[in-house]
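S.K.: I am attaching a structure below and will ask some questions about it afterwards.
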Amino acid sequence: LGDEGPSWADAAPHRHAATGHLLQLSEDGGLVGADVDIPIVVVAEGAPPPPRCAAVLRLTGPARARLDIDGRTHDVDVEPISLGQAVQAANMLTTRAESALGHRAGEAPLPLDDLIRLAPAPRPDALVASFASVTAEALAVDLVRDGPHAVVIGVTGSGKSELLTSWVVSLCARHTPQQVAFLLVDFKGGRTFDPLLPLPHVTGVLTDLDEAAAVRAIESLRAEVRHRERVLGGLGARDVAEAGDALGRLVIVVDEYAALVAAQPGLHDLFGDLAARGRALGIHLVLSAQRAAGVFRDAVLANAPLRIALRVTDAADSRAVLGVDDASRLSGRPHARGVALIRRAGDTVPQAAQVARCEGGTIEEIAGRGGDPARRPWLPALPPRIDLDGIRRADAVVLGIADEPELQRQSPVVWHPADTSLAVIGGPYSGRSSVLRTIADQTGAVVIPSDAEGAWDGITRLADLPAGSTVVVDDLDALVARLPGEYGAQVLDALESAVRGGRARGIRVCVSAQRLHGGVARLIEGMHRRVILGFASRADHVAAGGEASDHVADLPVGRGRIGRTLVQFAVASDEATVRSAGAGSVLSWQPGRRAAAVVLPAGRRSRRLVAQWESWGVEVATVEGATELRRGTVLVGPPDAWLAQWRLLAQARAEADLIVDAACAAEYRALVGARDLPPFALPGADRAWWNAPDRMPRRIVLAAD
Ligand SMILES: Nc1ncnc2c1ncn2[C@@H]1O[C@H](COP(=O)(O)OP(=O)(O)OP(=O)(O)O)[C@@H](O)[C@H]1O
Ligand SMILES: [Mg+2]
């Protein structure tokens, strides 16, 4: 080895390998680096060799040695060479490595600005970028000829995002936004592409920070496909190159494709479709991931012959993308960062290239050139508020504006005349009442009031509504929960017959609810159409009948779905007049000329009422011991006393005002001899029912002043 130490080894390509094997030579049993593939260690006689040394060569004479390898010992001749010869051999190996791999160890990449300057002029049938160099020469990558699509893999920190950035910038520098536009997607963290936002070629940067918006924009690409097919069809052009200036190319760059399709598995099909049809339409995909296995489907790989690998840890990933293991042997050391193995469609072996970094200033320079920005392949998102007055129609009940990204369209949605029932379901403060108001405003609907007595009155009178009426009931679930069981069931029955008979009778029913259970769920199940507004939790959205994958945690108020279509519902102006069915009517009653039979629990209230009537000069007696019911008099008693006087009770039913206090609801049917429920009466509010011959029972207040 000589006194100068192992300097010859520093000249060997293995010492600086960015690809292939790393070699280390150390004397006196020096430490072996963990990333070293080939350690050569000199140890003193008798000292143990380091554990990773598989072969031990023991010098026994100037030209003789004993070699222990694979558990066997061989006597071998060794041929010493001089230090000068060793350096020469190392230099020869370096030259060979350079010509084989096209890569000079530790070579500095050409600056991106230089590469851009060297790139060819744009052509309609090419999309050439120069963002990497091989032995100080620019490597040109043509997304049209080498693609139409590219796959890029590399572990975290291997330089994927930097490569994608340089690629995009290099294309933007030589093309106008009308020649090439970009849609950039980053689904892991979301900051990678921010520096590219100023470029007029960039139509959008989509991230998982707003997943719903990102998915919507990506879904719009289906419409972009149709748009391009239409333009090409109109020109009679076979592909985008023949279309001249009519269509520019669109490059969709996805950093962390695995994260995107993991979040939205449905996009596998969309990307497969784009990959298959992209070439003719001028849509190009550049998809990057940390691994290849299980990420890229065959539909994508088969149409993406342009393959780029940065360092990977698994040889299988390297093979899947490049066909060889080399990317798994790329060094992770700082000097090897930015080395990419690039295999274009025509390459027999991948080329090792140095990726240029995009330094400050380049993007600003391109952005500063001015000119029109690229056409966006999607419409802006729905606005947070749509005023009914702006979209009102004479011939239909307008609900709002539907977002149809797959058609690149936003159009009004109306309440279809054939659907005579509509349910609006949503969480707290999701905009349920506003949707109902929008409907009521256009239909002059009968709005069922929110107080329980009024709601009862309104709903039990639905059978009398004339044709052409619309009824709206807000928060039906809350209403039913506030009513005692029998009343709740009757309300639901009445609504159900209105819903079932709606078409025949020409009436329409719209109800809202937050939660669907029991009878409310069954009623809504039978309705024609369902609006699902925002729910904080996916479980509630699904319970309301929504598709799990359609759930968005923070929908703006007034936004929801009809079927799977996203709709922003219109809001009626504040002056909108909405006809309410009126709060529950409560009559007051006083003893008159007719005889009166009052059923009332004994107690203070009863005493005060009797005292009041007597002060008016009315003759009042208790039913216990009474023998007759006379005109102008009042008989008072608790239910059991009345039930014991069956003859007087029968007379009261037939000729008198029969007043039953609401506190006697349990005995009401026995007292009145009727099967129907009396009108709902609020408990604890001095309510009573007034029955008179040949009249429906009415709700009254029975209280002393
Ligand atoms: N379609 C809409 N567009 C824009 N803003 C809306 C829309 N709908 C409702 N809002 C706003 O949100 C507020 C709450 O709406 P609304 O009362 O309709 O919600 P809700 O679901 O009925 O709430 P709650 O759970 O309290 O009954 C409204 O006062 C209005 O300011
Ligand atoms: Mg409400």
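The values are calculated or read from the model by the stated rules, or taken from the named source; none is laboratory data. On a predicted model such as this, the values are computed, not experimentally measured, just so you know. Here the Cβ positions follow ideal geometry from the backbone for every residue, glycine too, while neighbour counts run over all protein chains shown. Ligands, DNA and RNA are excluded from the accessible area calculation, which covers all protein heavy atoms including side chains. Shrake-Rupley method; radii C 1.70, N 1.55, O 1.52, S 1.80 Å.
S.K.: Where both residues lie in the chain, what percent of DSSP beta bridges are antiparallel, nearest 5?
M.R.: Taking every DSSP beta bridge with both residues in the chain, the antiparallel ones total about 45 percent.
S.K.: May I pose another question? Under the rule of at least 5 residues apart or a separate chain, name every residue whose amide H is placed under 5 Å from the amide H of residue 182.
M.R.: The answer is 202, 203, 251.
S.K.: Also: As I understand it, the value is the acute angle between the Cα axis of helix 267-281 and the longest principal axis of the Cα atoms of the chain; what does it come to in degrees, rounded to 10?
M.R.: Approximately 60 degrees, to the nearest 10.
S.K.: Roughly speaking, to the nearest percent, how much of the chain's 1.4 Å accessible area is carbon and sulfur?
M.R.: Carbon and sulfur atoms account for 52 percent of the accessible area of the chain.
S.K.: Largest first, how would 284, 551 line up by accessible area (1.4 Å probe)?
M.R.: 551, 284
S.K.: I would also like to ask the following. Test of understanding: given the chain, find the longest segment containing no chymotrypsin sites (Phe, Trp or Tyr not before Pro) that are in a DSSP loop and have at most 12 other Cβ atoms within 10 Å. Provide the component values of the computation, followed by the final result.
M.R.: Working: sites that count: 429, 616.
Value returned for the longest uninterrupted segment is 1-428.
S.K.: Sticking with this structure for a sec: Per DSSP helix of 4 or more residues, -39500 (n - 2.57); summed, then divided by the residues of the chain. What does that give at 222 nm, rounded to the nearest 500?
M.R.: Working: 22 runs with 210 residues, N = 705.
Counting only the DSSP helices, I get -8500 deg cm²/dmol.
S.K.: Right, here's the next one. 5 Å is the cut-off here: which amide hydrogens, built 1.01 Å from N in the peptide plane, fall below it relative to residue 132, excluding neighbours closer than 5 in sequence?
M.R.: Residues meeting the amide H criterion: 139, 356.
S.K.: Which whole-angstrom value gives the distance between the alpha carbon centres of the stretch 141-188 and the stretch 479-550?
M.R.: The two parts, judged by their Cα centres, are 51 Å apart.
S.K.: Can you list which of the trypsin sites (Lys or Arg not before Pro) found in the stretch 531-577 are DSSP loop residues with at most 11 other C-beta atoms within 10 Å?
M.R.: 564
S.K.: Then there's this: In the chain, with Lys and Arg counted as +1 and Asp and Glu as -1 at Cβ, which of these residues, 206, 440, 690, has the Cα nearest the positive end of the dipole, that is, farthest along it?
M.R.: 690
S.K.: Kindly write out, for the stretch 473-483 in residue order, the coupling ³J(HN,Hα) from the Karplus curve 6.51 cos²θ - 1.76 cosθ + 1.60 (θ = phi - 60°), rounded to whole Hz, with x marking Gly and Pro.
M.R.: 10, 8, 6, 4, 4, 5, 4, 4, 5, 7, 8
S.K.: Something else now. For the stretch 547-553, what does the Karplus curve 6.51 cos²θ - 1.76 cosθ + 1.60, with θ = phi - 60°, yield as ³J(HN,Hα) per residue in whole Hz, taken in order and with x for Gly and Pro?
M.R.: Whole-Hz 3J(HN,Hα) from phi for the stretch 547-553: 6, 4, 6, 8, 5, 10, 5.
S.K.: Determine the shape class of the stretch 112-367: with a ≥ b ≥ c the square roots of the Cα gyration tensor eigenvalues, call it rounded for a/c under 1.5, and otherwise prolate if a/b is greater than b/c, oblate otherwise.
M.R.: The shape class here is rounded.
S.K.: So what are the ³J(HN,Hα) numbers for the stretch 563-569, from phi and the Karplus equation (6.51, -1.76, 1.60; θ = phi - 60°), rounded to whole Hz, Gly and Pro as x?
M.R.: x, 9, 7, 7, 10, 9, 7
S.K.: Using unit Cβ charges (K, R positive; D, E negative) and no other charged atoms, how large, in debye to the nearest 20, is the dipole of the chain about its Cα centre?
M.R.: 2420
S.K.: Have a look at the DSSP beta bridges in the stretch 386-571 and tell me what percent are antiparallel, nearest 5.
M.R.: So the antiparallel bridges amount to about 50 percent of the total.
S.K.: How far is helix 211-235 tilted, in degrees, relative to the longest principal axis of the Cα atoms in the chain, given as a value from 0 to 90 rounded to the nearest 10?
M.R.: Approximately 70 degrees, to the nearest ten.
S.K.: Same structure again: By the gyration tensor of its Cα atoms, with a ≥ b ≥ c the square roots of the eigenvalues, what is the shape of the chain: rounded for a/c under 1.5, prolate for a/b over b/c, or oblate?
M.R.: prolate
S.K.: Starting from the amide H of residue 27, placed 1.01 Å from N in the peptide plane, find each other amide H under 5 Å away whose residue is 5 or more places distant or on another chain.
M.R.: So residue 27 has HN proximity to 42.
S.K.: While we're on this one: Leaving out ligands and nucleic acids, and using a 1.4 Å probe, what accessible area per residue does the stretch 304-455 come to in Å²?
M.R.: Details: 6620 Å² over 152 residues.
Normalised by residue count, the accessible surface of the stretch 304-455 is 44 Å².
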